Amino acid sequence: MYRTHDCGALRAEHIGDRVKVAGWVRFSRDHGGVLFFDLADSYGSTQLVFDPDAMTDGADVEALAKTLNSFGRESVIAVSGFVRERVQGTADPRNPTGQVEVLIENAILLNTSKPMPFEVADQKNSLLPGEDLRLRYRYLDLRRAQMIQNLRFRHSFIASARRFFDDEGFVEVETPLLTRSTPEGARDFIVPSRTMPGRFYALPQSPQLYKQMLMIGGIDKYYQIARCFRDEDSRADRQPEFTQIDLEMSFVDEKEVQATVERLLAHVWKTIYGTKLQIPFTRVPFQEAIAKYGTDAPDVRFGLEIVNVTSAVASASYDVFKKIIGKGGIVLCINLKSSLLSSSPSDSSSLGRKEVDRLIEWAKGEGMSGLTWMRLSQEGLSSNIVKYFPLEVRDALVKMMGAELGDLLLFIGGPKIQATKAAGALRVKLAKDLGLVNGKGHGFVWVVDCPLVTKDAVSGRLEPFHHPFVMPSKGRVGADEDPASIGGLSYDLVLDGFEIGSGSIRIHDPELQREVFGMLGMTDGEIERKFGFFLEALGYGAPPHGGIALGVDRLVSILLGCDSIREVIAFPKNKRFQSLLDDSPAEVEESKLSELQLLSLAEGEDEAKAKKKRR
Ligand code: ASP
């Protein structure tokens, strides 16, 4: 037996016990022949001491000293000995095992370690080695208590979710990873077939079509902790493979799916935090979210709501606004209430000129022409430009914004989309700078009634807002309707300003599904080729159904307050979607390519191109 206790287990109650412990030698020091070791594993660390004077008669002190002196940093060792109280004044109150130490009687070296590329210690983030180095040696990075804590938390989250689903009668089903393309708005990772040369599988962007076919199969409550793959241009804090809690239910409406997710999260909350999560969550229609918060993923933990004041300021002679409105743009306003400022930890009771100037600079950096401000003082609204605003305009602004003495009104103007985005970013920046979310806990919100499709700004093509399987809110798509005005029975779950889940009621009528594909510009041939099998399945009595998928990596990283989802994934890719640990993606031998007939395919293509040229 290597160990009777792990390295985080020993307490005062064990004093006098004979124990065995095993782990990694994290630190060692020699105090004049008395040797100390910090022995660590994923549970904690225990102090070991070799004291030649305390050895029992007959023990081979010299041989033991020799063995102990051979232990290098991160050597793997096993030790047996007695638990004793630490010498007075040397107890470590920060370490749960810090009251005791193990007096070494015997020790063996189980394995050595090469010199470490970095020290395994719980540094503050700023002192950690560079992320590339951490990812290159991820197995060593995982020895850090913070990483262990993150992975354990993630495990508890998923374990608790599984318990919930089981209690509610859901069935966990594994859907295939080698599939046909499932569109979720990204590129597919494709896998060549060896047995059917020239044919390819796609790794699933999500289990969407399979979970819908499970509903047709009568599995009316499905869930899966599903791995999904999306080949996107590397974007900050995305991973090409990620995990979703994926679920689907039959004979439900959108409120029932949402309520299930709320119960799920309340259950998880109770298990991991021991507290009651406030449910149901607030619901905000998509358009309202954009108007009030400047984004479809709003952080609702603080006010600072955006108000469109275009009509109120249209009659002012202020040139900047006049030009913007003249070109069809809008003017948006946020009231930074003085009560928020005085209660904020950044303590200033008002935002001074300097801070406002800094905000103006920031707005310019965001591509805005600037930022205009007015403060409500005893004399009414004041600022260097207030003279361009007639009294009745000022009164209207005070009323619209609910301004009180000391409040600061911040205006952003510009083309609709840019101004909205910038005002949304301003809200978030103000909240961050002023610490408005500190101590506020977490804020869940449902964003509902999203559009069914969007128009690509460049190509003008219609694209699904989520995916093409969302039920139109009226249950049909009228041929005479502007597609952009059609709503979908969809709902996104947002946490602290991040979208963490997205779901919908699905189309279960094959004809309607065909129409939606057509609306998205697909030809009949294309529909048949890509989705014929699915339309066929819908035709065999598909029940009304809906579901959702929650992004585990994002959710867990927000709850842990991590800067990046990579902190909650054991073996993530870096920002360029490379695995530095095994150096993938990697080249493969030509023989493998020719086995898959990929070389001949490529050659065939080259030949075809050359032929075309010759003609
Ligand atoms: N398949 C969707 C996604 O991955 C989620 C859903 O609609 O259930 O975002």
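Within the stretch 240-260, one or more residues are out of contact with any Gly (no Cβ under 7 Å at 6 or more places or on another chain), open to solvent by 40 Å² or more (accessible area, probe 1.4 Å) and part of a helix (DSSP H, G or I). Residues in the stretch 532-547 that are open to solvent by less than 10 Å² (accessible area, probe 1.4 Å) and either among the aromatic types (Phe, Trp, Tyr) or modelled with pLDDT under 95 (or both): Phe534 alone.
Yes or no, residue by residue, for (1) within 16 Å of the ligand (Cβ to nearest atom); (2) without any contact (Cβ under 8 Å) to a residue 12 or more places away in the chain; (3) surrounded by fewer than 18 Cβ atoms within 10 Å (Cβ to Cβ):
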site	(1), (2), (3)
Leu264	yes, no, no
Lys270	no, yes, yes
Lys276	no, yes, yes
Ala316	no, no, no
Lys327	no, no, yes
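All of (1) out of contact with any Leu (no Cβ under 6 Å at 6 or more places or on another chain); (2) part of a helix (DSSP H, G or I); (3) touching a residue at least 40 places away in the same chain (Cβ under 8 Å) hold for Lys592 with one exception: (3). Only one of the listed residues (Ala570, Ala549) is more than 16 Å from the ligand (Cβ to nearest atom) and either of a type in the set (A, V, I, L, M) or outside any helix (DSSP H, G or I) (or both). That residue is Ala570.
Identification of strands (runs of 3 or more DSSP E) wholly contained in the stretch 398-517 with 3 or more residues that are away from the ligand (no atom under 15 Å from the Cβ), open to solvent by less than 70 Å² (accessible area, probe 1.4 Å) and modelled with pLDDT under 95 yields 408-414. Filtering the stretch 518-540 for residues that are farther than 22 Å from Pro183 by Cα and free of Cβ contacts under 8 Å to residues at least 60 places away in the same chain leaves an empty set. One residue stands out among those in the stretch 178-197 that are open to solvent by 40 Å² or more (accessible area, probe 1.4 Å) and farther than 29 Å from Arg235 by Cα: the one that is nearest to the ligand (Cβ to nearest atom), which is Met196. Residues that are touching a Lys or Arg at 6+ places or on another chain (Cβ under 7 Å) and within 16 Å of the ligand (Cβ to nearest atom) within the stretch 518-545 comprise just one, His545.
So which of Ile558, Ile527 ends up being over 20 Å from Leu462 (Cβ atoms) and either surrounded by fewer than 23 Cβ atoms within 10 Å (Cβ to Cβ) or modelled with pLDDT of 95 or more (or both)? Reasoning before the result, please.
Values: Ile527 fails: over 20 Å from Leu462 (Cβ atoms).
Only one candidate qualifies: Ile558.
Specify which of the listed residues (Phe165, Phe118, Phe82) is closer than 18 Å to Ala40 by Cα, in contact with a strand residue (DSSP E or B) (Cβ under 8 Å, 6 or more places away or on another chain) and among the aromatic types (Phe, Trp, Tyr).
Values: Phe165 fails: closer than 18 Å to Ala40 by Cα; Phe118 fails: in contact with a strand residue (DSSP E or B) (Cβ under 8 Å, 6 or more places away or on another chain).
Result of the check over Phe165, Phe118, Phe82: Phe82.
Please specify each residue of the stretch 198-208 satisfying the condition of being hydroxyl-bearing (Ser, Thr, Tyr) and either within 16 Å of the ligand (Cβ to nearest atom) or touching a residue at least 40 places away in the same chain (Cβ under 8 Å) (or both). Let's see the steps before the verdict.
Quick first cut of the stretch 198-208, residues hydroxyl-bearing (Ser, Thr, Tyr) only: 201, 206.
Hit for the stretch 198-208 is Ser206, nothing else.
Picking from residues in the stretch 219-237 that are away from the ligand (no atom under 12 Å from the Cβ) and touching a residue at least 60 places away in the same chain (Cβ under 8 Å), the one that is farthest from the chain's Cα centre (by Cα) is Asp220.
Sort through Gly546, Gly561 and tell me the only one that's under 25 Å from Arg506 (Cα atoms) and under 31 Å from the mean Cα position of the chain (by Cα).
Going through Gly546, Gly561 in turn, just one is under 25 Å from Arg506 (Cα atoms) and under 31 Å from the mean Cα position of the chain (by Cα): Gly546.
Of all the criteria given as (1) within 23 Å of the chain's Cα centre (by Cα); (2) open to solvent by 20 Å² or more (accessible area, probe 1.4 Å), the one not satisfied by Arg144 is (2). Every condition in (1) among the charged types (D, E, K, R); (2) open to solvent by 30 Å² or more (accessible area, probe 1.4 Å); (3) over 18 Å from Pro415 (Cα atoms); (4) within 28 Å of the chain's Cα centre (by Cα) is met by Lys337 except one, and the failing one is (4).
For the stretch 428-440, the set of residues classified as within 21 Å of the chain's Cα centre (by Cα) and either farther than 26 Å from Ser369 by Cα or in contact (Cβ under 8 Å) with a residue 24 or more places away in the chain (or both) consists of Val428, Lys429, Ala431, Val437, Asn438, Gly439, Lys440, listed by residue number.
The rows are residues; the columns are (1) in contact with a Ser or Thr (Cβ under 7 Å, 6 or more places away or on another chain); (2) more than 29 Å from Pro572 (Cα to Cα).
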| residue | (1), (2) |
| --- | --- |
| Ile190 | no, no |
| Met196 | no, yes |
| Phe200 | yes, no |
| Ile225 | yes, no |
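Being buried (at least 21 other Cβ atoms within 10 Å of the Cβ) and among the hydrophobic types (A, V, I, L, M, F, W, C) holds for only one residue in Leu550, Leu520, and it is Leu550. Note on the stretch 209-218: among residues that are within 15 Å of the ligand (Cβ to nearest atom) and open to solvent by 10 Å² or more (accessible area, probe 1.4 Å), the one that is farthest from Pro183 (Cα to Cα) is Leu214. Just need a number here: residues in the stretch 159-173 that are out of contact with any Leu (no Cβ under 8 Å at 6 or more places or on another chain) and more than 16 Å from the ligand (Cβ to nearest atom). Number satisfying all stated conditions: 9.
The values are calculated or read from the model by the stated rules, or taken from the named source; none is laboratory data. Quick caveat, the model's predicted, so the values are computed rather than measured. Don't worry about glycine lacking a Cβ; one is built from the backbone with ideal geometry, like all the others, and counts go over all protein chains shown. When the accessible area is computed, the model is the full protein with side chains, heavy atoms only, and any ligands, DNA or RNA have been set aside. Shrake-Rupley method; radii C 1.70, N 1.55, O 1.52, S 1.80 Å.
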